[in-house]
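Derivation of every value follows stated rules applied to the coordinates shown; laboratory data play no part. Since we're looking at a predicted model, the values are computed, not measured. As a convention, Cβ positions derive from the backbone with ideal geometry for all residues, glycine included, and neighbour counts pool all protein chains shown.
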Amino acid sequence: MTDQYAVIGNPIGHTKSPLIHGLFAESCGQQIEYTAIEGSTSDFAGDVARFKAKGGLGMNITAPFKLQAFELATQPSERARLARAANAFKFEGDAVLAENFDGAGLLRDIEHNLGQPLAGRRVLLLGAGGAVRGALLPFLGAGPARLVLANRDMAKARVLESEVNDPRLLLSTYEDLVGQSFDLVINATSASLTGELPPVPESVFANAALAYELAYGKGLTPFLQVAKKAGVNTLADGVGMLVEQAAEAFEWWRGVRPQTGPVIKRLTVPLV
Ligand code: ATR
């Protein structure tokens, strides 16, 4: 039987994961079958168990199951623990190994694909939800000069700060960002999903080299529009992150690192 993998989410109709993993497998000469499963919101554990019982070797997990996936894991990685969320499983006997590759995928896209290393740079991260939780450890590991996290709900930001417990992570309200300057500005809020703009002052973009929007396929979101107007050179959405996190999972499962460039190129929709 061909090695079985799947992505599970709800809804799952628009997932790009089978296409991405299919292209990876083809380019690496690997035989795998990768399907999409619409998970039941009342029986996520049952869906996972059934896939595993059929001989499934690994899964990607997407909304709204990433937190439940973490709870189900028997061996979560450190970054999955900090995020309290998992986006990939590997099944080994009875063990459910869990990983969170979202942050590593984002970091790789920014540094490798977009050519903007974090080391020594001033980085502003907007939001304090799941996406930011996943990004904090990889970002701090990349050695930024400053990593500032801004969120509307400061209590939520302070919880994250205490969990990370790293003096290089600084918190700010949106108002206090006025007059502060950054090299990289990353929107990890969910504001763009509803066409909203986080209350970020335009001045944060004055000297920025990159504005990155984690949402993908939304075109020039209000956040990217403000950045463009402020003259930021490189504008990006999360398509590269999506492909890079998939590549991390593929390598974890198969022991081979796929080329991501051609896949990103194929999925990229111009930001207009
Ligand atoms: P995700 O898992 O996608 O990160 P989440 O955990 O629900 O989603 O977190 C959403 C984040 O987007 C939160 O940080 C939220 O800010 P608050 O904690 O202050 O609510 C942020 N967010 C959502 N809409 C926003 C908006 N219009 N402006 C600013 N931040 C917004």
(message) Please compute the contact order of region 121-272 in relative form: average sequence separation of alpha-carbon pairs under 8 Å and at least six residues apart, divided by the residue count, as a percent.
(response) 19 percent
(message) What lysines does LYS265 reach when the alpha-carbon gap must be under 17 Å and sequence neighbours fewer than 8 apart in one chain are set aside?
(response) LYS16, LYS218
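If eta is 0.692 mPa s and T is 37 °C, what Stokes-Einstein diffusion coefficient results for the chain, Kirkwood Rh from Cα pairs, in µm²/s?
Answer, rounded: 172 µm²/s.
Give, in nm to one decimal, the length gained when the segment between THR194 and GLU163 is fully stretched (0.36 nm per residue of separation minus the Cα-Cα distance). List each step's numbers first, then the result.
Details: separation 31, 0.36 × 31 = 11.16 nm, distance 2.90 nm.
So the extension gain works out to 8.3 nm.
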(request) Mind checking which of LEU19, GLN4, PRO64 is farthest towards the positive end of region 3-99's charge dipole, using Cβ charges of +1 (Lys, Arg) and -1 (Asp, Glu) about the Cα centre? (result) PRO64
(request) Select from ALA73, GLY93, ALA49 the residue farthest towards the positive end of the dipole of region 3-99; place +1 on Cβ of Lys and Arg, -1 on Cβ of Asp and Glu, and compute about the Cα centre. (result) ALA73
(request) Using the number of other C-beta atoms within 10 angstrom as an exposure proxy, rank PHE223, PHE70 with the fewest first. (result) PHE70, PHE223
(request) Treating only the Cβ atoms of Lys and Arg (+1) and Asp and Glu (-1) as charged, compute the dipole magnitude of the chain about its Cα centre; round to the nearest 20 debye. (result) 300 debye
(request) Name the long-range amide H neighbours of ARG121: under 5 Å, sequence gap of 5 or more, or other chain; modelled H, no Pro or chain starts. (result) ALA145, ARG146
(request) Assign unit charges at the C-beta atoms only (+1 for Lys and Arg, -1 for Asp and Glu), then state the dipole size of region 1-153 relative to its Cα centre in Debye, rounded to the nearest 20. (result) 620 debye
(request) Just order 4-16, 176-188 by mean Cβ neighbour count inside 10 Å, highest at the front, would you? (result) 176-188, 4-16
(message) How tilted is helix 44-53 with respect to the longest principal axis of the chain? Cα atoms for both, answer in degrees (0 to 90, nearest 10).
(response) 40 degrees
(message) Below 16 Å, Cα to Cα, which lysines can LYS54 reach? Residues fewer than 8 away in the same chain don't count.
(response) LYS90
(message) Can you classify region 157-202 as rounded, prolate or oblate using the Cα gyration tensor, where a ≥ b ≥ c are the square roots of its eigenvalues, rounded means a/c under 1.5, and otherwise it's prolate if a/b beats b/c and oblate if not?
(response) oblate
(request) Quick one: dipole size for region 1-74, taken about the Cα centre, charges +1 on Lys/Arg Cβ and -1 on Asp/Glu Cβ, in debye to the nearest 20. (result) 60 debye
(request) Would you mind computing, in nm to one decimal, how far apart the modelled labels at ALA63 and LYS228 are, each placed 7 Å from Cα along Cα→Cβ? (result) 2.2 nm
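Calculate the tail of P(r) for region 97-196: the fraction of all Cα-Cα distances greater than 19 Å, expressed in %.
Tail fraction, whole percent: 40.
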(request) Specify the angular offset, from 0 to 90 degrees and rounded to the nearest 10, of the alpha carbon long axis of helix 130-141 from the longest principal axis of the alpha carbons in the chain. (result) 80 degrees
(request) Mind pulling the angle between the C-alpha long axis of helix 239-254 and the longest principal axis of the chain? Nearest 10 degrees, somewhere in 0 to 90. (result) 40 degrees
(message) Which of the three applies to region 123-257, rounded, prolate or oblate, going by the alpha-carbon gyration tensor with a ≥ b ≥ c and a/c under 1.5 meaning rounded?
(response) oblate
(request) Convert each backbone phi in region 197-211 into a coupling constant with the Karplus relation 6.51 cos²θ - 1.76 cosθ + 1.60 (shift: θ = phi - 60°), then list the ³J(HN,Hα) values in order as whole Hz, x for Gly and Pro. (result) 10, x, x, 8, x, 4, 4, 5, 8, 3, 10, 7, 8, 9, 10
(request) Sum up the charges of everything whose Cβ sits under 14 Å from the Cβ of ARG108, counting Lys and Arg as +1 and Asp and Glu as -1, but leave ARG108 out. (result) -4
(request) Can you give me the P(r) profile for region 34-151? Cα pairs, bins 5 angstrom wide beginning at 0, each as a whole percent. (result) 2, 11, 20, 20, 16, 12, 9, 6, 3, 0
(request) Amide H neighbours of ILE8 under 5 Å, at least 5 residues apart or on other chains, H built in the peptide plane: list them. (result) ILE37, ASN60, ILE61, THR62
